[in-house]
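For reference, the structure discussed in these notes is given below.
Taken together, the values in this text are just the output of simple stated rules run on the coordinates, not laboratory data. No experiment lies behind these values; they were computed from the predicted model shown. As a convention, Cβ positions derive from the backbone with ideal geometry for all residues, glycine included, and neighbour counts pool all protein chains shown.
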Amino acid sequence: MPISLPALKHHIVLVSGQALPTVLGASLPGSEPSHIHAVVTPGMREASRLLRRALDSRGRHCTYTEYSLENNSGQNAMYSVLESIQNACGNESLGVNLTGGTKLMALAASEWAFAYDVPAFYIDTAGEQVITLGREWQYTPLPDVLSVRDILIANSFFIEDADTNPVPAERRGVLNSLLQFACTSHGEKALGHLNRLAEKAAKANLCVYDDGPFDAAWKNLLKLCIEAGTIQTGNGHVAFSDETARRWCNGIWFEEYVKMTLYRLKAAQHIKDFAVSVEVRRKGVKNELDALFSVRNRLFTIECKTSTMFNNATSQPEKVPSVLYKADSLHDRLGGIFARAMLCSVRPLDVVDRERANSLGVRIVCGKDLLSLADKFIAWSKEV
């Protein structure tokens, strides 16, 4: 369905702490403006700077001009600023995005637009629609336009690293076999042993003595790792090819499986975009994310875990609560109020931790459910 919003050369926007609706309004296909006129209060100057950065990052040339609205944001002050913008635009097309600002600013801007017959619109992110205001309001679906990068930048994050490359063809079959193997009881034990060897190898020049067990499951796992080109065996030892291979055997293989799944979903247009091994920074604080994908202009965050996660204070592996709290605390800041979080764990979680995840709003997919991970992601992405 086409967007009811006409192509407007100039957009008036009301700067607030939420940049996403303004970025969306300026990114509607066929309706992208060439000039943004930002009405800014003293308390929103930093938000305006970040909004400008978010708009510039999309790669389109769009002139950005600030108009100061000092401490008085009442009707007369708003009218004065809006009229000065209209005069600056001359006879070129102009519209008002009413989504930002304070309520009083939006009310004044709406009245002004109606009085001067200027098109006004509202980006309803919750309802995923564009509302064009007038004597009769028009509602059209909000197109899916924002990438992972767009959403992160709109939420004031600086992206320092991200991976969107395809998984090498020679390793895709191994990843499928590894996950199927991991979802069996004997596979779980063998992977636990591999994790222990990989941990020891970090302090032993990547080569460690293999103290067993030498059963069929362990031999099968070694065969898969050799096929992946990550280890060599001989003389009772396991040698990891390099540090990257050691980390791969210690759990990164599962993140790579998630990347392979997301890459295929993007290729099939089930999702808009994805990135894995993402490093972001905001206000000097660095965060590392296993995987992200975007669809419906919303961000979905994924934490990946393969090692045992115990729920007691004396255990060495990462505890379930800390993983869940990380997923819960980050997803809102990364993608706004409509972002979602998921924990994908090769090993099952107990009832207590599942209940904790549910209370935090973190989706859990673990064990054999991972074998249908693509379907889980698609269903998750469609939830309201």
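As an equivalent ellipsoid, the range 46-108 spans semi-axes of 22, 16, 11 angstrom, where each value is the square root of five times an eigenvalue of the C-alpha gyration tensor, largest first. Here's the picture: charge each Lys and Arg Cβ at +1 and each Asp and Glu Cβ at -1 in the chain, and of PHE240, LEU51, VAL15 the one pushed furthest to the positive end of that dipole is PHE240. Among ALA198, PRO119, LEU133, which residue has its Cα positioned farthest towards the positive end of the charge dipole of the range 93-200, with +1 placed on the Cβ of Lys and Arg, -1 on the Cβ of Asp and Glu, and the dipole taken about the Cα centre? Farthest along the dipole direction, towards plus: ALA198.
In this structure the amide hydrogen of ALA341, modeled in the peptide plane, comes within under 5 Å of the amide hydrogens of THR301, ARG363, none closer than 5 places in sequence on its chain. In this structure, the amide hydrogen of ASP144, modeled 1.01 Å from its nitrogen in the peptide plane, lies closer than 5 angstrom to no residue at least 5 positions away or on a different chain. When the pairs LYS203/LYS223; LYS286/LYS368; LYS305/LYS376 are compared against a 22 Å limit on Cα-Cα distance, LYS203/LYS223; LYS286/LYS368 fall above it. Report the charge-dipole magnitude of the chain in Debye, nearest 20, computed about the Cα centre from +1 at each Lys and Arg Cβ and -1 at each Asp and Glu Cβ. Rounded to the nearest 20 debye, it is 520 debye. When the Cα atoms of the range 206-304 are aligned to their principal axes, the ranges along those axes come out at 54, 36, 19 Å in descending order. Comparing LEU142, SER372, SER359 along the charge dipole axis of the chain, the residue lying farthest to the positive side is SER372, per the Cβ-charge model. Using the Cβ-Cβ distance between SER110 and GLN269 with R0 set to 41 Å, the FRET efficiency works out to roughly 0.65. For the range 236-245, 3J(HN,Hα) computed residue by residue from phi via the Karplus equation (6.51, -1.76, 1.60; θ = phi - 60°) reads x, 10, 10, 10, 8, 4, 6, 5, 4, 5 Hz, glycine and proline entered as x. Taking Cβ atoms as reference points and 15 Å as the exclusive limit, the residues near SER381 contribute a net charge of +4, counting Lys and Arg as +1 and Asp and Glu as -1. In this rough spin-label picture, where each label sits 7 Å from Cα along the Cβ direction, the ASN235-SER185 distance is 3.8 nm. So the label point goes 7 Å from the Cα of ASP144 along Cα→C-beta, right? Which residues of the range 250-276 then have their backbone N under 20 Å from it? Hits in the range 250-276 for ASP144 at 20 Å: 258-276. The stretch between GLU199 and ARG354 holds 53.0 nm of extra length on full extension. This uses 0.36 nm per residue minus the Cα-Cα distance.
Relative protection proxy for 117-128, 207-218, from highest mean packing down: 117-128, 207-218 (other beta-carbon atoms within 10 angstrom).
How about the range 77-172: which trypsin sites (Lys or Arg not before Pro) there are in a DSSP loop, with at most 15 other Cβ atoms within 10 Å of their Cβ? For trypsin sites (Lys or Arg not before Pro) across the range 77-172 that sit outside H, G, I, E and B with at most 15 neighbouring Cβ atoms in 10 Å, the list reads ARG135. Beta-bridge orientation, the chain: approximately 55 percent antiparallel, per DSSP, counting only bridges with both partners inside.
Sequence-distant contacts, meaning Cα pairs under 8 Å at least 6 residues apart, place the relative contact order of the chain at 13 percent. Along the range 28-35 the Karplus relation, 6.51 cos²θ - 1.76 cosθ + 1.60 evaluated at θ = phi - 60°, assigns HN-Hα couplings of 5, x, x, 10, 5, x, 9, 8 Hz to successive residues, with x for each Gly and Pro. Near LYS382, which aspartates and glutamates are there with a Cα under 19 Å away, not counting those fewer than 8 places off in the same chain? Filter leaves ASP124, GLU128, ASP144, ASP273, ASP332, ASP369. Sequence-ordered 3J(HN,Hα) estimates for the range 375-384 from the Karplus curve with 6.51, -1.76 and 1.60 and θ = phi - 60° stand at 5, 5, 5, 5, 4, 4, 5, 9, 5, 6 Hz, glycine and proline given as x.
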